[in-house]
Each structure stands twice: as C-alpha cells, then as structure tokens.
C-alpha cells in the first residue's frame with residue numbers, strides 16, 4: 001500500500017489541496033498531480049498542499065503535445081512546475097499529427113505526415129532535455145494506445161518510446177508504462193525487460209480496459225478489475241523488470257468522476273490490494 | 001484500375017449477385033466476398049455470379065475466431081468455400097480473449113489470459129493449414145487494430161502476424177495488410193519489407209481512419225481521403241514491398257452503407273485513382 005499513488009485525474013473534481021488531503025486521509029503516500037488543478041490553486045499553494053499532506057509527487061501530468069506550435073515554452077513551464085513539486089517525473093504525451101485537435105474533427109489543413117510528426121517530437125524532446133536536466137527534472141515519454149495516434153500521441157508502443165528515449169541519458173528521459181495503453185502489445189514482455197535493464201522505467205500507471213469501449217473512447221478506462229486486462233500479471237512483470245517507483249491509479253471514466261471521491265479512493269485501495277495479492 | 005477490388009462489406013446491402021453485377025457494371029475485375037452474403041445466396045449460386053461477372057475473388061472474408069469453441073469446423077467450411085470460389089486467400093480474423101463476445105460486455109466467466117489466447121490461435125492455425133493446403137487455399141492472417149484486441153483479434157501487429165505465419169510455408173499462410181488497422185505502427189515500414197521479402201503479402205485492404213472515431217468504433221472506417229491516413233504513401237510502401245495482388249476497398253461505415261451502392265462505387269473509383277496518382 002505504500003507504493004499506491006492517486007493520479008489526480010481519477011478524482012478530477014477535487015482541487016489539488018482537496019486531493020492531497022484525501023490522500024492523507026486514506027493513508028496514501030503519493031499523488032500524481034495534474035497541471036490543470038495546479039494552475040487553479042497556484043504553484044506555491046499546490047506545493048504547500050502536497051508537502052503538508054506529506055506526499056511524494058509520483059508524476060506531474062502532463063507536458064508534451066510537441067507537434068503543436070508554442071510547445072516548447074509551455075513545456076519549459078511544465079518542467080519548472082515539476083521541479084518545484086519535486087515530481088519523480090514529468091509525463092509527456094507527445095501529441096498527434098500536426099493540426100489535428102484532440103477528440104475533434106481536423107480543420108481543412110492538417111498534416112498526414114506521420115514520420116514527419118515523429119521526427120518533430122524527437123527534435124522537440126532534444127530541445128527540452130537540457131532545460132529539464134538543469135532543473136533536475138526527469139522527462140517520461142508515455143506511449144498512448146494506437147487509437148490516439150492521430151490526435152494525442154504519435155508515440156504508440158513501449159519499444160518506440162524506448163528507441164526515442166535512448167538518444168538521451170536514462171536519468172533524464174524515461175518511459176511511462178500505462179496498463180490501458182500497452183496491455184495488448186505482443187512485444188510488451190520483451191520491451192518491459194529492456195526498459196528495466198536500461199533504467200528507463202519512470203512511471204507505472206494502472207486502470208482497466210472496459211469491454212466494450214464507451215462512445216467517447218477517451219473515457220474508456222475502468223477501475224482495476226472491471227475490465228479485461230490481466231493486471232496482476234502485468235504488474236508482476238513491471239515489478240520483475242525492476243520498477244521501484246509508485247503505482248499510480250489513473251482513471252478517465254465519467255462514472256468514476258461523478259462518484260463520491262472518498263468512495264472512489266476506498267474502492268481503489270481495495271482493488272489495488274487485490275491486484276497485488278500474491279505478489280512479493 | 002485493374003487491381004481495384006470491391007470488398008463486399010463496403011456495399012453490404014447488395015447481395016453477392018448484385019455486388020458481382022455492380023463490379024462488372026463499374027469495370028472492376030475483382031471482388032472480396034463475405035461469407036454472410038455467400039450463405040444467403042448459396043455457394044453454387046455465388047460461384048456462378050462471380051464467374052458470370054468475370055471477376056477474380058481477391059479474398060473470402062472471413063474465417064477465424066480461433067479462440068472460440070467449434071472454430072475448427074466452421075473454418076474448414078470457410079476453406080471449402082474459398083476453394084470453390086478460387087479465392088486468392090481466406091482472411092482470418094483470429095478472435096479475442098476466450099469468452100469475450102465481439103462488441104458486447106463479457107459474461108461473468110471469461111479469460112484474461114492473453115498469452116494463452118495467442119497460443120490457442122497458433123494451435124488452431126496449425127490444425128487448419130494441412131486442410132487448407134489440400135484444397136489449395138491460402139490462409140491470410142489479419143492483424144487488427146489493437147483496440148479490437150479483447151474481442152476480435154489478439155493479433156495486433158504485422159510483425160506478430162509474420163511471426164505466427166512463419167511457422168508455415170509462405171504459399172500456405174500469408175498476411176493481410178489493412179491500412180486502417182496498421183497505419184499507426186512505428187514498425188510498419190520494416191515489417192512491410194519483411195513481409196514482401198518472405199513472400200507473405202496475401203492481401204492489401206484500404207479505408208481511412210476518421211477523426212474522431214464514431215461512438216461505435218467498429219464502424220469507424222472512412223472512404224479513402226476522408227480520414228488522416230497517408231494512403232498514397234502507405235500504398236506506395238506496400239507496392240514497393242512487392243505486393244502484386246488486388247487492392248480491396250473495405251469500409252465499415254454506417255453512412256456508406258446507407259448510400260446508393262452505385263454512388264459508393266463511383267466515389268470509390270475516384271478516390272482510388274487519387275490514392276494511386278503519381279505511383280508507378
């Protein structure tokens with residue numbers, strides 16, 4: 001239980017101070033912070049709330065969208081925030097095809113050049129790494145499920161994320177393993193081993209794959225145990241690969257969001273225990 | 001234009017004789033046949049209709065669902081049908097997790113054992129290959145988009161399909177490259193080259209990825225040019241890898257299905273020409 005972290009998006013109606021209090025009340029030691037709620041309460045107040053609750057910040061979510069204009073400035077601000085929070089990493093969702101807005105129809109002009117978008121991500125990452133290194137912030141590349149390739153992340157597999165991270169030192173650029181995004185990947189066992197051996201495992205996030213997906217696929221993430229992923233086996237593989245950080249529960253789900261956050265945390269703790277039952 | 005094939009599901013309200021007539025009327029030389037419509041008109045009548053229209057059968061769709069009970073018997077019937085039609089291949093959609101129904105919530109009891117499901121697919125394939133070989137039918141493994149992993153295909157990438165096919169002779173087991181399913185894959189260029197070099201390219205199907213996806217993700221396939229895939233580049237890569245067969249247009253889309261099929265074919269031919277413009 002000492003490695004369980006609440007990713008704030010799971011209880012997104014809570015402000016950051018409310019979420020920090022909630023974590024403390026439920027005996028959690030870590031929180032994954034979102035920049036939206038951090039902006040709402042202000043950086044200084046957010047840092048104070050997290051410190052007062054005695055929490056580690058397992059991640060700051062999120063920087064990225066590196067294929068869009070103005071991305072570097074916004075990511076430098078995110079790096080500054082991660083440094084102030086002493087976050088274990090800044091999660092980067094790298095962005096989709098240039099000009100394609102998340103979850104909406106593209107305008108008349110957009111780019112279909114997927115290799116070009118991937119090259120742009122690599123360039124922007126290279127531009128950010130020195131800035132992050134100076135501030136002691138580790139960037140964490142998050143491969144997203146391939147169904148988000150067009151609008152959210154042209155980074156779609158753990159192997160691809162490791163290839164990209166490999167151009168930089170492991171303590172500066174790691175990867176995020178999010179169960180929902182990668183569970184289907186036939187190369188996952190081998191890539192988890194590779195990620196662990198190269199010291200790149202920066203974050204592990206869990207939620208479940210509901211079957212069938214809801215109409216808005218962005219909200220298609222279930223509480224652990226409510227979907228089809230073999231989360232005990234996946235978690236065992238991540239731990240066996242050498243992951244030593246916190247385990248964040250990040251759930252995008254309209255029903256979870258409308259529920260009482262305290263009840264969500266109670267359920268989350270029970271399901272987390274079940275997921276880890278029998279593990280070392 | 002002589003390589004353009006109408007996959008019957010694109011004009012699914014047409015019976016097989018109607019679709020065969022439609023292809024002939026529009027100057028097409030090939031058709032991808034679906035077993036549902038074949039069953040409706042009967043095998044003998046279906047074969048006559050296709051022959052009378054002077055069409056090649058670029059594929060029979062589809063066998064598979066190898067993780068379900070009774071799969072082998074049904075697939076042997078599909079092989080028999082493919083032999084009668086002289087189809088270039090029998091497309092196999094291999095099936096999802098055992099007990100998870102396509103597009104519906106799973107019952108209380110189902111399997112989360114993804115490696116086990118993949119092993120079951122490999123075993124069933126091995127059992128079918130000799131039967132198909134005796135009848136001169138080539139099986140074609142279709143990797144489906146990872147968002148269908150739970151309920152339709154635990155085969156999710158071209159590389160995985162080639163690994164599986166590699167246990168059998170290339171003239172007996174090939175792979176399907178469906179643009180909608182594989183366009184996002186960072187390993188696609190390398191795997192296309194591998195597929196071509198090993199003589200495994202059995203079918204190429206095209207449609208486009210709409211942005212955003214519709215509420216029912218099964219129907220999320222657009223007419224070429226209406227989505228975000230760089231189809232000219234992908235098609236060039238498939239042809240450069242050595243694919244010499246027909247190019248099937250297969251569109252699952254409620255609007256396309258409700259349109260006049262003759263108009264769909266007219267649009268399809270124009271978009272196909274645009275897709276191939278500038279290619280050798």
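FYI, it's all coordinate maths here, none of it is from the lab. On a predicted model such as this, the values are computed, not experimentally measured, just so you know. All Cβ positions, even for glycine, are placed from backbone atoms using ideal geometry, and neighbour counts span all protein chains on display.
The alpha carbon centroids of region A:151-181 and region B:81-123 are separated by 30 Å.
For residue B:83, inter-copy separations between label points set 7 Å beyond Cα along the Cβ vector come to 7.2 nm, shortest first. Inter-chain Cβ neighbour count for B:180-188, averaged per residue, equals 5 (cutoff 10 Å, partner chain atoms only). Could you list the residues of region A:81-102 with an amide nitrogen less than 20 Å from a label point located 7 Å from the Cα of residue A:172 in the Cα-to-C-beta direction? Flagged as within label range: A:81-84, A:86-94.
State whether region B:199-253 is rounded, prolate or oblate according to the following rule on the C-alpha gyration tensor (a ≥ b ≥ c being the square roots of its eigenvalues): a/c under 1.5 gives rounded; otherwise a/b larger than b/c gives prolate, and the remaining case gives oblate. Prolate, because a/c is 1.5 or more and a/b exceeds b/c. Here the simple spin-label model places points 7 Å from the Cα toward Cβ, and for residue A:80 and residue B:13 these points are separated by 5.9 nm.
Inter-copy label distances for residue B:27: 7.5 nm (label point placed 7 Å from Cα along Cα→Cβ; shortest first).
FRET efficiency for the pair residue B:263 and residue B:40, taken as 1/(1 + (r/R0)^6) with r the Cβ-Cβ distance and R0 = 35 Å, rounds to 0.90. Put a dot 7 Å past the Cα of residue A:122, heading toward its Cβ, do the same for residue B:48, and the two dots end up 5.9 nm apart.
Take each residue of peptide B:109-120, count the partner chain Cβ atoms within 10 Å of its Cβ, and average: the result is 3. For region A:126-236, the share of alpha carbon pairs falling in successive 10 Å distance bins from zero is 14, 43, 31, 11, 1 percent. Taking every residue in B:141-153 and counting other chain Cβ atoms within 10 Å of its Cβ, the average works out to 4. For region A:102-123, the residues whose amide N sits under 18 Å from a probe point set 7 Å from the Cα of residue B:236 along the beta carbon direction are A:111-119.
How would the protein assembly as shown be classified by its alpha-carbon gyration tensor: rounded, prolate or oblate, with rounded meaning a/c under 1.5 and the a/b versus b/c comparison settling the rest? Prolate, because a/c is 1.5 or more and a/b exceeds b/c.
Across the copies of the chain, residue A:270 has label points (7 Å from Cα along Cα→Cβ) spaced 5.8 nm apart, shortest distance listed first. The packing ranking, built from the mean of other Cβ atoms within 10 Å per residue, places the peptides A:139-145, A:31-37, B:116-122 in the order A:139-145, A:31-37, B:116-122, highest first. Please report the spacing between the Cα centers of region A:5-28 and region B:22-65 in Å, no decimals. Comparing the Cα centres of region A:5-28 and region B:22-65, I get a distance of 58 Å. Each of the peptides B:171-181, B:125-135 was scored by the mean count of other Cβ atoms within 10 Å over its residues; in descending order, highest first, they stand as B:171-181, B:125-135. Nearest-to-axis residue in chain B, judged by Cβ distance to the rotation axis that brings B onto A and given in whole Å, is B:215, 2. With a/c under 1.5 counting as rounded, go ahead and sort region A:4-276 into rounded, prolate or oblate using the C-alpha gyration tensor (a ≥ b ≥ c being the square roots of the eigenvalues; past the cut-off, prolate if a/b is larger than b/c, else oblate). It comes out rounded by the Cα gyration axes. Extension gain for residue B:193-residue B:163 works out to 9.4 nm (0.36 nm per residue, less the C-alpha to C-alpha distance).
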